[in-house]
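The values are calculated or read from the model by the stated rules, or taken from the named source; none is laboratory data. Computed from a predicted model, the values in this text were never measured in an experiment. Glycine also receives a Cβ, built like all others from the backbone with ideal geometry; neighbour counts cover every protein chain displayed. Surface areas here come from the heavy atoms of the whole protein model, side chains and all, with no ligands, DNA or RNA. Shrake-Rupley method; radii C 1.70, N 1.55, O 1.52, S 1.80 Å.
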Amino acid sequence: MKRTVPLIICSLTGFILIISWFLPAAESWGEKVTHWFDIVAAFAFVLGGANLLKIHLQKISNRRIGWGYSAVTLTAFLVTLLAGLFKINVNPSMNYPAYSWSGNYLDEGGLLWWIYEYLFVPLSATLFAMLAFYITSAAFRAFRAKNIEASILLFTAFLILLGRTYAGSLITSGLPDSLAFLRFENLTIIIMSVFNLAGSRAITIGIALGVVTTSLKLLLAVDRSYLGSD
Amino acid sequence: MFEKLNSLESRWIFLMTFLAVGIPILLQKSLPEKPTPMVMDVFNLVEDLPSGSLILCSFDFDPASAGELQPMAAAFVRHCALKKHKIVFMTLWPVGPPMIQNNINILKKEFPDYQYGEDYVNLGYRTGGEGVIKLITTSLDKMYSEDVNGTSLKKLSLTKDLKHIQGIDLLVNISAGTPGVIEWVQYASTPFNIKTVVGCTGVTAPKNYTYIPKQLAGMLGAIKGAAEYEKASIIQYPQLAENPQAQEGLRRMAPQLVAHLLLIFLIILGNVLHFVGRRKGLSS
Amino acid sequence: MKNSSLLWLVIFLLAGGYLIFRTSHGDMGISYVKVTTISPEKSNVQWTQYSKASKKEAGEENVQFSWSRTIGLWVAALSTLAIFSFLYGDNVFYKISESVFIGASAGYAMAVGFWDGIVNLLLRNLTPGLMRESIIPSIPKENHADWFFIIPLILGVAMLARLLPKGGWIARWPLAFFIGATAGFRLVVFFHADFIIQIQSTILPLIVFTDGSFDWQTSLKNITIIIGVLSCLVYFFFSVEHTGIIRPISRLGIWFLMITFGAGFGYTVMGRIALLAARLEFLFSDWLWLIDVE
Amino acid sequence: MVQHSIIKSCCKSVVVIATLLLLITEGYSAEPSPVEKKTSIQPAKNITIKDYPGDLGTSLIIEWELSEDDQNDPKKSFVIAYEVYRKTEKTEYKFLSQVTYQKNFYRDQECEPDKKYWYQVIAIGKNNLQSIPLESLNPGIPILQWFDSRRGWIGILMLFSCSLVVYFIWIARKGKKLKIRKIAGLDAVEEAVGRATEMGSSCLFVPGILDVNDIQTIAGITILSHVAEVTAEYETDMIVPTCRSLVMTMAREAVETAYLSAGKPDAYNEDDIYYLTDEQFGYVAGIQGTMVRDKPAACFYMGAFYAESLLLAETGNSIGAIQIAGTAMPSQLPFFVAACDYTLIGEELFAASAYLSGEPDQLGSLKGQDYGKLLCAALIIIGCTFATLSSLANHYQWGTGMESSFSSIQTYVSENILGEKGFRP
């Protein structure tokens, strides 16, 4: 019972949605469910938040290594959450000054805006920017002509790297027009629109088949590990 | 020497990267970019539209990709304003509204004649991804009955007659991922034949190549695309040459060049080490 | 080891001293705001609004020094440096900013989830009247409750049964619902957009004539694309061992894939460098005032 | 003196050239531009109204031929837009919408089924010029349809592909042995966990950054359950930080079951599967920290990844972990391929759970999937053959009968079977 009912729910919902795709009257059902999902995901935040509180409180109360950092995490979490939920320091909307809650939670000047602007944005942008460092170290370490496959990977990357800057067009600008396709910027285009196109298309087709089969396995209850045990 | 290089710690590579990017920024030099045909296609599309055309800008990116995409967005917005086009802003990303605001601030500062409600409107964010696109091609007010400030769209002169986006003259989508280019192509530009141009990050550019020229009129890829667009704008509107903010992308091409060269150097170095190491391994 | 830590200490002290010196002279790291008083029509409520001002506007009327934003600027700059310090090795500064980041971003995600998911989606549709009176006065008068939104409400509450000591199994129902919905929805969407449409766009003539003469460039391009797609597909075959005739074909497929990956890698470099450039511009321009890009 | 005169004559010629240039440019700008001369514009031609197929009878498509004054180059085009007006049996013409130049259709989506609608199209030119209206003689009637016939062929192909999968699952259940080729990345799972055990350190499993409404995440979780069986056997710790609350819930269910079926329910610790934050880079920062502090010996990245792929893989590299990644995000595959020991490319991610489980019905589904690829290859080959034949027939003029039959087969394959038309002629 505890396992059968969810399996029935799963298959039923899935097959109804598949059929609805062919019926104009039911065209928007898939999107409706997406909306619902956003709502349920918002409810699920309670689970995540509770877990976050539990783990860090445990760490603090047990005085485990690094419990101080847990305290920092908890403080940051609670301050941000409250700033957001209570719209601290947010002015009402211009059009509805009488409604003190009508402002947007992220309006300039609010506490959440401050956290967003001066913590959230710089931190996430900096982590993203770290990729510039990792991409160079990965290129140095991994791009070695160990075998034919690796050499092809390395050579293509090399061509594209040159072709995408001023240096590349400078080096090959002397080529005559009859050999224009050998200019780096043109080689880049050929690689992108022929070889890359073929490779990406095959990957896309394969993924589509993988998604279809995985979905089918879920709907036919062949795959049910997500349901756990009784 | 060989042993030392072979066990080169990542820290030194990181330091080299830092210098390769940092020094050109401090020097503030820009390179002579030449707009490629693809970028010129996009530029001409905006340029050749009659003044007052209606342009929908969907800025689907977040602060993390703003480094790459904001110069592009700003270049589009400046160009539209110089051509006196009407702009409707929107975003499919929850963190998109500040990205729109950055560009509206440009309009406020550099084009004080541009009036909100008359020349541009900010619709803000709605959740739902492709669902939003599908709805606004049918009826705008089912998704957006009011703008980002809560003003009814019926009260703004630009949007009071706008029923859906089928009638817009150009769709500009600046996107860093999903929902973004693919959704706009699938649900707006293809079924309704809406002229669409996109600006996208270097990561997503390869995939988007498949849509050109049938479904997309043009694409700006990564910061190079932005730099070339800025260059094209400066050639057409020389007054932009005096505005350092209008050359963000161009300025970022100098660090690009040095960093690319560093990367090429490192790849070569890595391979030389690899072959030397293999020979040593064989001989011993 | 000791020498190097001493060296680092000296560098830190020098850098700190330099920052303090320049800040005390008002040469860097200061934020200004433009102050405007907002008094909406038909209302006696009034408030002051602050918006960002550049350092060039510093002397102007209505522009004043802002404590909160100056602190913010320093927080932003120092946390940027703290994250970068991870490249050298794990350290206390990185750990602090990591902890702050995890906490703040989780809190932020939840606040956004509450306002966008619960209020703007669920309550707006379920109780438009109440929302119009309180939080979202812009809801049009003609909007009525959409009772379908009872379903996600029930599913959401069922989800929370996990918190109960014994009712955890109820939480599987909403999960099963969404797994089923995802599977059904994605199955058709992927089959259509990524299978059928991709096959459709691969149907190309192998021999092309343009203006009455053989167009070898397009022909070669089309042939390469088709060979590439087919050989990659062969590589993905699972139920056949890659031996005999299959072996060279799947090998060719891998080569195509490797070119694709190499191209993707090379193309991405530009984007990543641009991101680093943007961060450094922030440090050099907004914070250190070494260059001026405003 | 001589110098002086040279300078003088130079100056003179400069003045003359400048005057000439000025005159030429003056002449250019003085000539009235063609736009201003125009006093009337040609209307659009041949309006047709059709029912929009596959809907509930709420839309009509109005098509026309472009006005002669409508040019692709906007600088030369006199027409800048078309206005569409509509009338019903009860009302007069009312403005409906405007579409831009070079566009020859409009989809009216505000109709009611079985009602009659007439349309009028007026070309709008620069300087507020208007053409005479082009009116439709026959009304359009939207028709309600319960089944979207455009999707008929797709339905058939989908049913066929799905039944292949179901058929092979059934065959496998009946006991037929199925062969599967080796997938190196998956053979390495046990080796990686074994090494972690030897070294006395833990494993790390990252199920991607999307929520459970993405198939990749679900595929990642099913792989997690198989990996968990291995770690349970080896009694190695495994930590699973998640980016979404629902993923955490689902992962806990899966891992608990895996430990149970491995006969080690006591070894399961709920707190090893924990929620970090929904934000992409906050999540990465957290995992990076865990990696450098706990130093897991084996890292698995299975699911949907964006930019964090390389951040994770390079950090994993710096701590010397064995790394196995799998994703169906094409843009991130290059980074995993470059920085990880083994990578499951696209489809292999979805095949992984079947491969790892080794259950006959799972393996059957893989076989079905392969037949899907055969179907795909067959369609491509048939389509390309007829496309080539029609191109050749066209060039060498093999006779109109042959030419048109080749091209009509090709058109039917790409536009009806694979395209937008479906069952419609």
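Return yes when residue A:220 is under 26 Å from the mean Cα position of the chain (by Cα) and of a type outside the set (Ser, Thr, Tyr) and no when it is not. Answer is no for this residue. If you filter the range C:176-223 down to residues that are part of a helix (DSSP H, G or I) and touching a Phe, Trp or Tyr at 6+ places or on another chain (Cβ under 7 Å), you find that the one that is nearest to residue A:228 (Cα to Cα) is C:179. Based on this model, can you work out whether residue C:259 counts as surrounded by fewer than 21 Cβ atoms within 10 Å (Cβ to Cβ) and of a type in the set (Val, Ile, Thr)? The answer is no for residue C:259.
Looking across D:417, D:409, D:382, D:345, one residue alone is in contact with a Leu (Cβ under 8 Å, 6 or more places away or on another chain) and farther than 30 Å from residue C:262 by Cβ. It is D:417. Listed by position, the helices (runs of 4 or more DSSP H) enclosed by the range D:148-255 that each have at least 3 residues that are in contact with a Gly (Cβ under 8 Å, 6 or more places away or on another chain), farther than 22 Å from residue D:268 by Cβ and aliphatic (A, V, I, L, M) are D:152-173.
Taking the range A:1-18 as the range and being within 7 Å of chain C (Cβ to nearest Cβ) and outside any helix (DSSP H, G or I) as the test, only A:2 passes. Of the listed requirements (1) free of Cβ contacts under 8 Å to residues at least 40 places away in the same chain; (2) open to solvent by 10 Å² or more (accessible area, probe 1.4 Å), residue B:260 misses just one: (2).
Being within 28 Å of the chain's Cα centre (by Cα), polar (S, T, N, Q) and part of a helix (DSSP H, G or I) is the filter; apply it to the range D:314-361 and report the residue that is surrounded by the most Cβ atoms within 10 Å (Cβ to Cβ).
Checked the range D:314-361; the qualifying residue surrounded by the most Cβ atoms within 10 Å (Cβ to Cβ) is D:353.
If I ask for residues that are farther than 17 Å from residue D:247 by Cβ, more than 7 Å from chain A (Cβ to nearest Cβ) and crowded, with 18+ Cβ neighbours inside 10 Å, which ones from the range C:155-188 would you list? Across the range C:155-188, the qualifying residues are C:158, C:170. Pick from the range B:168-205 the residues that are small (Gly, Ala, Ser) and part of a strand (DSSP E or B): which of them is surrounded by the most Cβ atoms within 10 Å (Cβ to Cβ)? Here the answer is B:199. Say we look at the range C:252-290 and pick out the residues that are among the charged types (D, E, K, R) and within 7 Å of another protein chain (Cβ to nearest Cβ); which of these is nearest to residue A:189 (Cα to Cα)? This residue is C:272. Being more than 14 Å from chain C (Cβ to nearest Cβ), surrounded by fewer than 20 Cβ atoms within 10 Å (Cβ to Cβ) and among the aliphatic types (A, V, I, L, M) is the requirement here; does residue B:40 meet it? It is true that residue B:40 is more than 14 Å from chain C (Cβ to nearest Cβ), surrounded by fewer than 20 Cβ atoms within 10 Å (Cβ to Cβ) and among the aliphatic types (A, V, I, L, M).
Return the residue satisfying two criteria in turn: it lies in the range D:263-309 and is of a type in the set (Lys, Arg) and within 14 Å of chain C (Cβ to nearest Cβ), and of such residues it is surrounded by the most Cβ atoms within 10 Å (Cβ to Cβ). Ranking the candidates gives D:295 first. In the range A:49-93, of all residues being facing chain C (nearest Cβ under 7 Å) and among the small types (Gly, Ala, Ser), the one that is farthest from residue A:120 (Cα to Cα) corresponds to A:50. All conditions in (1) crowded, with 20+ Cβ neighbours inside 10 Å; (2) within 8 Å of another protein chain (Cβ to nearest Cβ) hold for residue A:31, with the sole exception of (1).
Sort through B:144, B:125 and tell me the only one that's among the aromatic types (Phe, Trp, Tyr), under 25 Å from residue A:116 (Cα atoms) and modelled with pLDDT under 90.
B:125
Going through (1) β-branched (Val, Ile, Thr); (2) out of contact with any Ser or Thr (no Cβ under 9 Å at 6 or more places or on another chain); (3) modelled with pLDDT under 85 one by one, residue D:100 falls short only on (2). Residue count for the range A:71-99 under the criterion of being over 25 Å from the mean Cα position of the chain (by Cα), part of a helix (DSSP H, G or I) and under 18 Å from residue C:135 (Cβ atoms): the result is 2.
Taken over the range B:79-112, the residue count meeting the criterion of being part of a helix (DSSP H, G or I), open to solvent by 10 Å² or more (accessible area, probe 1.4 Å) and more than 30 Å from residue C:117 (Cβ to Cβ) is 5.
Scanning the range D:62-79 for residues that are part of a strand (DSSP E or B) and either closer than 12 Å to residue D:122 by Cβ or not assigned by TED's automatic domain parsing to the domain that holds residue D:97 (or both) returns D:64, D:79. The single condition among (1) more than 7 Å from chain A (Cβ to nearest Cβ); (2) crowded, with 21+ Cβ neighbours inside 10 Å that residue C:249 does not satisfy is (2).
Of all the listed residues (D:193, D:84, D:189, D:121), the sole one being surrounded by 16 or more Cβ atoms within 10 Å (Cβ to Cβ), in contact (Cβ under 8 Å) with a residue 40 or more places away in the chain, of a type in the set (Val, Ile, Thr) and within 14 Å of chain B (Cβ to nearest Cβ) is D:121.
Criterion first (in contact with a Lys or Arg (Cβ under 9 Å, 6 or more places away or on another chain), free of Cβ contacts under 8 Å to residues at least 24 places away in the same chain, more than 9 Å from chain A (Cβ to nearest Cβ) and under 22 Å from residue D:160 (Cβ atoms)) does residue C:293 satisfy it? Answer is no for this residue. Would you confirm whether any residue within the range C:238-249 is touching a strand residue (DSSP E or B) at 6+ places or on another chain (Cβ under 9 Å) and free of Cβ contacts under 8 Å to residues at least 24 places away in the same chain? No, the range C:238-249 contains no residue that is touching a strand residue (DSSP E or B) at 6+ places or on another chain (Cβ under 9 Å) and free of Cβ contacts under 8 Å to residues at least 24 places away in the same chain. Hey, does the range A:104-113 have a residue that's within 7 Å of another protein chain (Cβ to nearest Cβ) and out of contact with any Leu (no Cβ under 7 Å at 6 or more places or on another chain)? Scanning the range A:104-113, I find at least one residue that is within 7 Å of another protein chain (Cβ to nearest Cβ) and out of contact with any Leu (no Cβ under 7 Å at 6 or more places or on another chain), so the answer is yes. Suppose we filter the range C:189-221 for residues that are in contact with a helix residue (DSSP H, G or I) (Cβ under 8 Å, 6 or more places away or on another chain), more than 9 Å from chain A (Cβ to nearest Cβ) and of a type in the set (S, T, N, Q); how many remain? Qualifying residue count, the range C:189-221: 2. Being at the interface with chain C (Cβ under 7 Å from one of its Cβ atoms), open to solvent by less than 20 Å² (accessible area, probe 1.4 Å) and either under 21 Å from residue D:333 (Cβ atoms) or not in a helix (DSSP H, G or I) (or both) is true of residue A:153. Elements of the type helices (runs of 4 or more DSSP H) sitting completely within the range C:45-154 and holding at least 3 residues that are at the interface with another protein chain (Cβ under 7 Å from one of its Cβ atoms) and open to solvent by less than 10 Å² (accessible area, probe 1.4 Å): these cover C:67-84, C:92-112.
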